[in-house]
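Visitor: Structure provided below as structure tokens; questions to follow.
Nothing in this text is a laboratory measurement; each read-out follows from the coordinates by a stated rule. Everything numeric in this text was worked out from a predicted model, so none of it was measured. Using ideal geometry, Cβ is built from the backbone for each residue, glycine included, and neighbour counts are taken over all protein chains shown.
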Amino acid sequence: MGGITAATHLARRGLHVTVLEKNSRPGGRCNRLSRAGHHFDTGPTLFVMPLLYEAEFRTLGTSMRERLNLQRVDPTYHLVFDNGSQLALTSNMKSMQKQLEAIEPGSYAGLLRYLQEGEQHYQLVVDRLVKHDFRKVSDFLNIRNLSLLFRVKPLVNHYRNMSAYFDEPRLKSAFTFQDIYTGLSPFEAPATYSLMPYTELAHGVWYPKGGMYSIVETLTDLAQQAGVEFIFNSAVEWIDTNATYARGVLLADGSRLDADVVLANADLPYVYQQLLPQDGMVKALARKRFSCSVISFFWGVDKTYPDLGPHTLFLADDYRENFQCIRRDLGLPANPSLYVHAPARLDPSMAPRGQDTLIAIIPVGHLSENGQQNWAELQDLARQHVFRRLRSLGISDLEAHIKFEQTYTPITWAKRYNLVNGSTHGLSHTLTQMAYFRPSNRHPRYRNFYFVGASTHPGTGVPTAMVSGRLVSERIMDDLSG
Ligand SMILES: Cc1cc2nc3c(=O)[nH]c(=O)nc-3n(C[C@H](O)[C@H](O)[C@H](O)COP(=O)(O)OP(=O)(O)OC[C@H]3O[C@@H](n4cnc5c(N)ncnc54)[C@H](O)[C@@H]3O)c2cc1C
């Protein structure tokens, strides 16, 4: 997404741009699997932060609302807890009040205060940290940004911060699980990330007709209209450099392409490790924190489950233990929290009539250095956990109705998209890996070599990748004109 966006901006400004993609179609992590009339978004399934998409589409000279057929998803998520209780997160505040007060009397007032804090964090973070590039230290460390230290709680732990709003652990988890989208646990994430539940409730979670992959199709169309040339099944094997410049790329088929500027959208740590001459950055990156990974199941099912909402989240009571197991042991928790997506609830064309298309995603640790994780075993365990959890909703016959199944493990993520450690969100978003401290979008030595995407600034997420594409294209144009 970052690469396609950057390519479009650059082509619109008159550059001749060629995109080299190792796989047979565009999109990278944001991809689609289609089989027998079932369509699966294999990566992102949640269209969040619509205002950011809107702004980025505008910078591409077009309108998000005209290009995408969006519908609002409300309730956003159906949360299911271990004790069988449920909570439907919704922007309908009357319904939220009723549901929250039933779980913890007085907690609705806590939610209103929490959302107020989330709004402040959202405005400041998006305006000051996400939408801007940090080319030099003074772009980040300045008087204006100093106030962020006090206004977006970067030094306060997110989960601990929840005690100011709720006592009930189920509510603390209901409004912090979104941290996993940045690859972080709420027990290590800064309280800054209250911006996520805020934007989900205030600006909505949306669904583009045809699924998230329709965004890729739209952006690819825009790129081609701007003159970008795409070459698929074309893996870059090496970046040809001299002491200070990148001269072009060498491809897996032995051919070579010269370029005045080289921009890498492949995962930044992979590029440093595999495509460039080894330097100190390889060791520095190895010491950085990587986000978690996921095991994903894609099931074509021969009946429908109309009672299953579009986004169902099973949250485990042993919430802290869950995150510790993923982060510290790089494993699969004993009772994992997990997510089930039923896109046909939102867009019937995602499954054949009378049938269902189901996706289950279970967060797990990323690949370990010693390679001792047994992914076949963990995959089987994860699968059983999904069936067990669905049984608590009265769905007990799913396994018998699966027509076909495809599974992605961290190994798949690593191989298919060259993601280091199979980390689905790239470098994680700890304080020391954010904003100016995230690896720069320009190589410090090769002055015409740039990066775009999740492991550079601003970080993971589809709209964020679009921001990343715009920021790097602006930098490239500034460098070329300077
Ligand atoms: C399971 C999962 C769920 C997610 N859920 C959400 C969500 O709900 N909402 C959301 O907004 N975001 C979500 N994300 C995050 C979002 O998908 C990513 O942050 C974003 O798509 C990353 O885009 P990118 O620009 O970094 O490029 P990537 O997707 O990493 O694409 C890079 C491209 O480079 C190609 N490539 C790699 N190496 C080479 C090479 N040597 N030669 C040629 N090509 C190469 C790859 O094949 C790939 O196409 C999710 C991600 C995953 C994996």
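Visitor: Which of Thr304, Val472, Val282 sits farthest toward the positive end of the charge dipole of the chain, with +1 on the Cβ of Lys and Arg and -1 on the Cβ of Asp and Glu?
Guide: Sorting the options by dipole projection puts first Val472.
Visitor: By DSSP, what percent of the beta bridges with both residues in the chain are antiparallel, rounded to the nearest 5?
Guide: 80
Visitor: Past 21 Å, Cα to Cα, is the threshold; run Lys22/Lys131; Lys131/Lys153; Lys98/Lys153 against it and keep the listed order.
Guide: Lys22/Lys131; Lys98/Lys153
Visitor: Return a whole-number percent for the relative contact order of region 73-219, with Cα pairs under 8 Å and 6 or more residues apart as the contact set.
Guide: 29
Visitor: Suppose every K and R has +1 on its Cβ and every D and E has -1 on its Cβ; what is the size of the dipole of region 352-417 about the Cα centre, in Debye to the nearest 20?
Guide: 200
Visitor: Hey, another quick one. For the ranges 449-456, 378-385, 365-372, what's the packing order if you count other beta-carbon atoms within 10 Å of each residue, average per peptide, and put the highest first? Can you show the working numbers first?
Guide: Working: 449-456: 26.6, 378-385: 17.5, 365-372: 14.2.
For the peptides 449-456, 378-385, 365-372, the packing ranking is 449-456, 378-385, 365-372.
Visitor: As an exercise, take the mean of 1/r over every pair of distinct alpha carbons in region 426-482, invert it, and state the Kirkwood radius in angstroms.
Guide: 11.6
Visitor: State the answer as a single residue: which of Asn418, His443, Gln433 lies farthest towards the positive end of the charge dipole of region 408-482, with beta carbon charges of +1 for Lys and Arg and -1 for Asp and Glu, about the Cα centre.
Guide: After comparing all options, I get Asn418.
Visitor: Whole angstrom only: what separates the Cα centroid of region 238-274 from the Cα centroid of region 126-156?
Guide: Region 238-274 and region 126-156 have Cα centres spaced 32 Å from each other.
Visitor: Using a simple charge model, +1 on the beta-carbon of Lys and Arg, -1 on the beta-carbon of Asp and Glu, nothing else, what dipole does region 1-148 show about its Cα centre, in debye to the nearest 20?
Guide: Rounded to the nearest 20 debye, it is 680 debye.
Visitor: If you find the alpha carbon centre of region 1-74 and of region 430-474, how far apart are they in angstrom?
Guide: Centre-to-centre (Cα) distance: 17 Å.
Visitor: Same structure, new question: By how many degrees, between 0 and 90 and to the nearest 10, does the Cα long axis of helix 50-59 differ from the longest principal axis of the chain?
Guide: Tilt relative to the chain: about 20 degrees.
Visitor: Once every DSSP H run of n ≥ 4 in the chain is given -39500 (n - 2.57) and the sum is divided by its residues, what mean residue ellipticity at 222 nm do you get, rounded to the nearest 500 deg cm²/dmol?
Guide: It lands at -9500 deg cm²/dmol.
Visitor: I want to make sure I understand the PRE zone here: with the label point 7 angstrom from the Cα of Asp329 toward its beta carbon, which residues in region 171-212 have backbone N atoms less than 15 Å away?
Guide: none
Visitor: Net charge within 14 Å of Thr357 by Cβ-Cβ distance, Lys/Arg positive one each and Asp/Glu negative one each, not counting Thr357 itself? Before the final figure, lay out each step's value.
Guide: Numbers: positive: Arg32, Arg35, Lys303, Arg345, Arg353, Lys403; negative: Asp41, Asp302, Asp347, Asp356, Glu405.
My count for the surroundings of Thr357 gives +1.
Visitor: Tell me, what are the semi-axes, in whole angstrom and largest first, of the equivalent ellipsoid of the chain as set by the roots of 5 times the Cα gyration tensor eigenvalues?
Guide: Here the semi-axes work out to 35, 26, 22 Å.
Visitor: Can you give me the angle between helix 462-481 and the longest principal axis of the chain, using Cα atoms only, in degrees from 0 to 90, rounded to the nearest 10?
Guide: The two axes meet at around 20 degrees.
Visitor: Compute the angle between helix 93-103 and the longest alpha-carbon principal axis of the chain, please, reported from 0 to 90 degrees and rounded to the nearest 10.
Guide: Taking Cα atoms only, the helix is inclined about 60 degrees.
Visitor: Over the chain, what is the mean sequence separation of C-alpha contacts under 8 Å (at least six apart), divided by residue count, expressed as relative contact order in percent? Intermediate results must be reported in sequence, preceding the final value.
Guide: On the way: 939 pairs, mean separation 114.4, N = 482.
With pairs under 8 Å counted, the relative contact order is 24 percent.
Visitor: Using 0.36 nm per residue, how much length does the chain from Ala243 to Asp221 gain when fully extended, once their Cα-Cα distance is taken away?
Guide: Extra length available between Ala243 and Asp221 comes to 4.2 nm.
Visitor: Taking K and R as +1 and D and E as -1, what net charge do the other residues with C-beta under 11 Å from the C-beta of Thr8 add up to?
Guide: Around Thr8, the surrounding residues sum to +1.
Visitor: Is there a quick way to get the dipole size of the chain? I mean about its Cα centre, with the Cβ of Lys and Arg at +1 and of Asp and Glu at -1; what is the value in debye to the nearest 20?
Guide: Using Cβ point charges on Lys, Arg, Asp and Glu, the chain gives about 720 debye.
Visitor: Show me the chymotrypsin sites (Phe, Trp or Tyr not before Pro) within region 164-238 that DSSP assigns to loop and that have at most 12 other Cβ atoms within 10 Å of their Cβ.
Guide: Phe232
Visitor: Further, regarding this structure: With a sphere of radius 11 Å drawn around the Cβ of Asp260, what net charge do the other residues whose Cβ falls strictly inside it have (Lys, Arg +1; Asp, Glu -1)?
Guide: -1
Visitor: Taking the Cα centre of the chain as the origin and placing charges on Cβ (Lys, Arg +1; Asp, Glu -1), which of Val340, Gly210, Leu60 is farthest toward the positive end of the dipole?
Guide: Looking along the dipole axis, the top candidate is Leu60.
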